[in-house]
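Engineer: Have a look at the structure that comes next, please.
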Amino acid sequence: MGFAQHQSFYLRPQWLNKGMDEIQKDSRFFYQEDHFERLGIGKNMAKSVRYWMNATKVMKDVKTTTTEQHLTHFGSLVHTYDPYLQKTFTVGLLHYFLTTDESIATTWYWFFNIFKEDVFDRQTVMLALEKWVGETQEKAVSTNSLKRDIDCLFLTYLNKNFENATPEDVIRSPFEELGLLMQTIRTSYTKMPLVDATHYDLLYAALLIYAQKHHTNELSISDLVNEPELWGKIFNLNRSTIVEAIEEMQKRYPIVFTRTNRLDIVRLKNVIEPLDFIEQYYKKEAAK
């Protein structure tokens, strides 16, 4: 399991691109003594960059006689077509990968897939996370580590308040644009639906990734709403929004939506490799 490996720093907009540039030139970059200086940041921030690159699946560790870092296929596509994370499609996929790998970003996985409250304060989140960790993890996790995770998660998704802020505080996280977490009153927060639920290319890509990972091409609407790693959990979409999206998406993609009295079934036909679809999307956008 992965707790508090981000060094308390949320992802900054330029970090992935800087890191991808460097490991393209040197697969042992993060082992060089001056790597943090070449990134233009401190040592702990450099550790955070490496963590976020792994957690969002743009980079992977490759172990042979030594450990090297290489771009994943997804990372190569991001580096080529959207290195500055200007597309909601890219940011949405980074969010999807981050929140569906329990082993590397456990608190993120828990918050979006397990934690069921829609309105909450930080203490409620902390108590629920501590309870879940105690029930599911073999090794104890310190309260401080869990608190650092929760603080970082909120900073990752909440729109920054610029009032009385330091220059470091006003650097936005790329994930803010997804609109998935909102502060309602001083100490209260709520999960919010994906700001653009009509971004069907993003939803279809996420569906393809899930289908490949879980070896399935058939899901019910109830699955899409309630099951971990699917739209209802990862993008905070409710049933009616999901049904509207599926009805529209079957006009554009090889999807069959069968409505019955008891069960609404979504079937994927001629399932394409997720990364092939992602590459097609980027090429289509680049040609515009």
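Engineer: Evaluate the range 29-50: report whether one residue or more is closer than 30 Å to Leu207 by Cα and either assigned by TED's automatic domain parsing to the domain that holds Leu237 or touching a strand residue (DSSP E or B) at 6+ places or on another chain (Cβ under 9 Å) (or both).
Structural biologist: Yes: one or more hits.
Engineer: Right, something else. What tally of residues in the range 56-91 results from selecting those that are under 23 Å from His35 (Cβ atoms), aliphatic (A, V, I, L, M) and not in a loop (DSSP other than H, G, I, E, B)?
Structural biologist: 4
For every residue, the table says whether it meets (1) more than 15 Å from Leu93 (Cα to Cα); (2) modelled with pLDDT under 95; (3) in contact with a Lys or Arg (Cβ under 8 Å, 6 or more places away or on another chain).
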{"site": "Leu153", "(1), (2), (3)": "yes, no, no"}
{"site": "Ala165", "(1), (2), (3)": "yes, yes, no"}
{"site": "Thr184", "(1), (2), (3)": "yes, yes, no"}
{"site": "Tyr189", "(1), (2), (3)": "yes, no, yes"}
{"site": "Met192", "(1), (2), (3)": "yes, no, no"}
{"site": "Val225", "(1), (2), (3)": "yes, no, yes"}
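Engineer: Run Ile209 past the list (1) under 16 Å from the mean Cα position of the chain (by Cα); (2) over 27 Å from Thr124 (Cβ atoms); (3) in a loop (DSSP other than H, G, I, E, B); (4) of a type in the set (Val, Ile, Thr) and report the number of the one that doesn't hold.
Structural biologist: Among (1) under 16 Å from the mean Cα position of the chain (by Cα); (2) over 27 Å from Thr124 (Cβ atoms); (3) in a loop (DSSP other than H, G, I, E, B); (4) of a type in the set (Val, Ile, Thr), Ile209 violates only (3).
Engineer: Hey, among the residues in the range 242-288 that are touching a residue at least 12 places away in the same chain (Cβ under 8 Å) and of a type in the set (Ser, Thr, Tyr), which one's nearest to Ser222 (Cα to Cα)?
Structural biologist: So, considering only residues that are touching a residue at least 12 places away in the same chain (Cβ under 8 Å) and of a type in the set (Ser, Thr, Tyr), the one nearest to Ser222 (Cα to Cα) is Tyr253.
Engineer: Given the residues Arg239, Arg186, Arg172, which is the only one that is in contact (Cβ under 8 Å) with a residue 60 or more places away in the chain and surrounded by fewer than 18 Cβ atoms within 10 Å (Cβ to Cβ)? Don't jump to the end; show me each part of the working.
Structural biologist: Working: Arg239 fails: in contact (Cβ under 8 Å) with a residue 60 or more places away in the chain; Arg186 fails: in contact (Cβ under 8 Å) with a residue 60 or more places away in the chain.
The conditions single out Arg172.
The values are calculated or read from the model by the stated rules, or taken from the named source; none is laboratory data. Values in this document were obtained by computation on a predicted structure and should not be read as measured data. Every residue, glycine among them, receives a Cβ derived from its backbone with ideal geometry; neighbour counts consider all protein chains shown.
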